[in-house]
Amino acid sequence: MDRRKFLKYTAAVGAGTIIWGNPLQLRAATPDVVWVSGGEPADLLSAALRSFGGINAFISRGDVVVIKPNIGWDRAPQFAANTNPTLVAEIVKACYETGAKKVKIFDRTCNNPQRCYKNSTIQETAEKYGAEVEHVRDFKFKKFSLPEGKLLKEWPIYQDYLEADKVINMPIAKHHSMSRVTLGMKNLMGVMGGNRGEIHNRFSTKINDICSRILPGLTIIDGYRILIRNGPSGGNLNDVKLTKTLVMSPCMVSSGIGTFQSQNK
Amino acid sequence: MARFRRIVQILFLFFFIFLFLRARYPYEVNLSSDVFLRFSPLIPVFYLIDNLSLSLMFWPALLILFLTIFLGRFFCGWICPLGTTLDIWDRIIKAPSNRTNGKWLKMRWVKFGILTSAIFLAIFSYNVWGFFDPLAIFTRITTVIIYPVSTFFSEKILVLGANLSFLESAVYPVYDGFKSMIMPESQSFYQSVFWTLLLLVGILTLEKLSRRFWCRNVCPAGALLGILSQFRLYERVVGDPCPVCNRCQTDCKMNAIPAGNVKETNKVECIECFNCGEKCPPEAKSITFRLRLNPYHTQPDFLRRQFLASGAAGLVTLGFFSVGLSHKTSSDRFLRPPGSLPENEFLDRCIRCLECVRICSSNGRCLQPGDFGVSLLNLWTPVAIMREGYCEYNCNLCGLICPTDAILPLTLEVKQKTPIGLAYFDKNICIPYERNEDCLVCEEHCPTPDKAIKFDVKEAVFSDGSRKKVKYPYVVRELCIGCGICEEKCPLPGAPAIYVTRTNEKRWETLPAGAQLKAGAQS
């Protein structure tokens, strides 16, 4: 299965559920995955949430929510190296509207954290809606055991992530030379401590070892602008494609990454 | 007057520390942080020797030099942060009074000797005065020792507080505020800590011999200002009721009042601290200050013999500098920050203040104070050690902060296209080449719009006969700017499998046209 096929199937499943159900029945039969396209970030998000019956399908009153967008690179939003800031702001707003106690946002960045948080504009936009946007603090990575891991038996994971009531994973769909495209699982590297470079050889096994133990409650893939070449850091506007798409699922849809990986071998 | 002087001293010290702390990302003050280093009176003099021209960039120093002619060494007594630090230190360690340290008087000529040798060497285009510049010393010690040490302790204490559950919520905001206002995001490692520590301990220990030992006997800036201060417009007058208690003499910071004659003042040594007026016993109150328009002359304590000796010492030093310590393995990896002048001019212009190293510590953290490794002159010059950090692609702050433009203030666009080196793979240890496993961490981080690290896909055959496609990275020379993020992020322990060398570096002699940037401006 290649990326195109994978995306098509996802789209089909999503579209199918939307067509099949009328809004009243949706609550009874929530879809596995929803694919929406052709709108602005806020519209995409609300459309996708509607088909799950609203954000309260995932977030309850009084929850401490961790949102994990990609803030990894010192790039402005139009370079599509970081998650769309409007999308992040909208989901923060939705969480608070449904009664979340606190929304925390952080990422272990690749470039200088101050630069990334600022240049991605995620800090500014998310704080406007009351999210706590924090730099990762080294002392908060705690050893986390992975009893079923094939290669890794333990890895440091960020404390706030483990302690959160609900986790929303918000990757941006980007090109990456190693797996062609990176989505949800690669994005979770932002909560991993230690020498992350070490994960990169025999990547697919190692990332599975860790991610299968720290699954998020909801994954929202930002496909508003995607990076089609020169990922994951990008930096060239010619490599950015405006696709105005969003994929949402309570399961880490992006486990498709393993499929792409095996394709490459 | 002495109290007023103390207030001014403390204000200037805070001003310098404030500017030092502002020298970090985001660098958005309208007052450029390097302005305080341009207070250094030595800079315009040596700039003149180097370039046979004056630069208005050093207006604070030129102003001080001009005023010194009429006001004397007020810079040493009122402004110099190193002097203020020593004054505070003297109070702590109770430095001895002039009653016991008379024997050090004969050392006074050394500072003139250092100034002479430095001028002599500058004519031969060797910059040694930067090592002795008081403001550079202050910034250097603060950058390499004081600041990291205080950061270390404050961070440890805050983390300790955060671990106590009842303090946790109170400590985090403090920690975050501290982190974004004062600390660098992550603490730097500095390689030449030893020499800087030696300098710090040396200067502080010498205070046990006499107050302001450094200023009295070593500082070439003090020597220069002392020689200049011949037309001082006012003088200290000791009135007739003076009981000759010698208190002003024994407590003089600079020993500028001769032991035999309290009515005289050595204008070359006096730093206008006005302590003598304060020390004069209230029942006598015989010291006053008044304007005087026909000034008298004080000879600097510098004999012809000593002048010749320091000239000769300069010549010997010149010989030392010609001794080669470098071999190609180390010198070709001695990377300079982007925008550095060509190497010889760079060494001439750099005052070894390490302000660039300080501002880099809040960004990519590649800049380190240089060591003796390559040559004697390279001590405390900035060198980029990419394994410890990398040059942040969107950052040009080292050029903006450099007080003497030894690192030119390139615009971001020019800086991003100015290679400071070239990366090479060590295929013997690089994971894909050595183990036939994918890695590509270097390629992932490469920041150029068209990646300078590309890869071939080849089929590898394993011992059990199985085959697998593996991606083998390589560097494209034309695209690589030597930023070194590949070297820093390389997951191998110890030595990296990709490293940056000085090959292909681009040095600008002047700012490229259209790249002029206002001080403090930043994109």
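Brief remarks on what is shown
- Residue in segment B:407-416 that is within 14 Å of chain A (Cβ to nearest Cβ) and in a loop (DSSP other than H, G, I, E, B) present: yes
- Enumeration of residues in segment B:410-431 that are basic (K, R) and surrounded by fewer than 22 Cβ atoms within 10 Å (Cβ to Cβ): B:K417, B:K427
- Considering residues of segment B:220-254 that are in contact with a Lys or Arg (Cβ under 6 Å, 6 or more places away or on another chain) and part of a loop (DSSP other than H, G, I, E, B) only, the residue modelled with the lowest pLDDT: B:R232
- Condition check for B:E264: of a type in the set (D, E), free of Cβ contacts under 8 Å to residues at least 60 places away in the same chain and outside any helix (DSSP H, G or I): yes
- Enumerated strands (runs of 3 or more DSSP E) restricted to segment B:287-390, each holding at least 3 residues that are in contact with a helix residue (DSSP H, G or I) (Cβ under 8 Å, 6 or more places away or on another chain) and away from chain A (no Cβ under 14 Å): B:287-291
- B:S150 vs. criteria within 23 Å of the chain's Cα centre (by Cα) and either surrounded by 13 or more Cβ atoms within 10 Å (Cβ to Cβ) or closer than 30 Å to B:L62 by Cα (or both): yes
- Here B:I431, B:I401 are screened, and the one residue that is away from chain A (no Cβ under 14 Å) and out of contact with any Phe, Trp or Tyr (no Cβ under 6 Å at 6 or more places or on another chain) is B:I401.
- Any pair with Cβ under 6 angstrom, 6 or more apart, that starts in segment B:360-386 at a residue that is on the phi > 0 side of the Ramachandran plot and surrounded by 24 or more Cβ atoms within 10 Å (Cβ to Cβ) and ends at one that is modelled with pLDDT of 90 or more and part of a loop (DSSP other than H, G, I, E, B): B:R365/B:G389; B:W380/B:R352
- A:K128 over 28 Å from B:C446 (Cα atoms), touching an Asp or Glu at 6+ places or on another chain (Cβ under 9 Å) and either more than 14 Å from every other protein chain (Cβ to nearest Cβ) or hydroxyl-bearing (S, T, Y) (or both): no
- Filter result for B:I257 (among the β-branched types (V, I, T) and either more than 25 Å from B:F231 (Cα to Cα) or not in a loop (DSSP other than H, G, I, E, B) (or both)): no
- Residue count for segment B:262-289 satisfying the condition of being buried (at least 21 other Cβ atoms within 10 Å of the Cβ), of a type in the set (D, E, K, R) and on the phi < 0 side of the Ramachandran plot: 2.
- Residues that are at the interface with chain A (Cβ under 10 Å from one of its Cβ atoms), surrounded by fewer than 21 Cβ atoms within 10 Å (Cβ to Cβ) and touching an Asp or Glu at 6+ places or on another chain (Cβ under 6 Å) within segment B:471-500 comprise B:K471, B:P491, listed in sequence order.
- Taking segment A:82-125 as the range and being farther than 19 Å from A:L227 by Cα, within 17 Å of the chain's Cα centre (by Cα) and not in a helix (DSSP H, G or I) as the test, the residues that pass are A:V103, A:K104, A:I105, A:F106, A:D107, A:R108.
- Taking segment A:221-252 as the range and being away from every other protein chain (no Cβ under 14 Å) and hydroxyl-bearing (S, T, Y) as the test, the residues that pass are A:Y224, A:T243, A:T245, A:S249.
- Residues satisfying the criterion are present in segment B:112-125 (criterion: at pLDDT below 90, exposed (fewer than 15 other Cβ atoms within 10 Å of the Cβ) and in contact with an Asp or Glu (Cβ under 7 Å, 6 or more places away or on another chain)).
- Condition check for A:K143: within 14 Å of chain B (Cβ to nearest Cβ) and either within 18 Å of the chain's Cα centre (by Cα) or not aromatic (F, W, Y) (or both): no
- Residue in segment B:187-196 that is surrounded by 14 or more Cβ atoms within 10 Å (Cβ to Cβ), over 22 Å from B:G370 (Cα atoms) and either more than 11 Å from chain A (Cβ to nearest Cβ) or in contact (Cβ under 8 Å) with a residue 60 or more places away in the chain (or both) present: no
- Qualifying residue in segment A:202-217 (condition: under 30 Å from A:D63 (Cβ atoms) and in contact with a Ser or Thr (Cβ under 6 Å, 6 or more places away or on another chain)): no
- Residues in segment B:167-185 that are touching a residue at least 40 places away in the same chain (Cβ under 8 Å) and exposed (fewer than 14 other Cβ atoms within 10 Å of the Cβ) were compared, and the one that is nearest to B:K253 (Cα to Cα) is B:I182.
- Residue selection: B:S210 satisfies the criterion of being over 17 Å from B:I141 (Cα atoms) and in contact with a helix residue (DSSP H, G or I) (Cβ under 6 Å, 6 or more places away or on another chain).
- Whenever a residue of segment B:326-352 is within 18 Å of B:I385 (Cα to Cα), its partners that are acidic (D, E) and part of a helix (DSSP H, G or I), lying with C-beta atoms within less than 8 angstrom and at least six residues away or across chains, give the pairs B:R336/B:E343.
- Sole exception among (1) assigned to a helix (DSSP H, G or I); (2) touching a residue at least 40 places away in the same chain (Cβ under 8 Å); (3) surrounded by 17 or more Cβ atoms within 10 Å (Cβ to Cβ) for A:Q78, by number: (3)
- Residue check: B:G514 meets all listed conditions (1) within 29 Å of B:G399 (Cα to Cα); (2) among the small types (G, A, S); (3) modelled with pLDDT of 95 or more but one, namely (3).
- Considering residues of segment A:130-147 that are closer than 21 Å to B:L164 by Cα and not aromatic (F, W, Y) only, the residue surrounded by the fewest Cβ atoms within 10 Å (Cβ to Cβ): A:K143
The values are calculated or read from the model by the stated rules, or taken from the named source; none is laboratory data. Keep in mind the model is a prediction, meaning the values are calculated, not measured. When we count neighbours, we look across all protein chains shown, and the Cβ atoms used for this are built from the backbone with ideal geometry, even at glycine.
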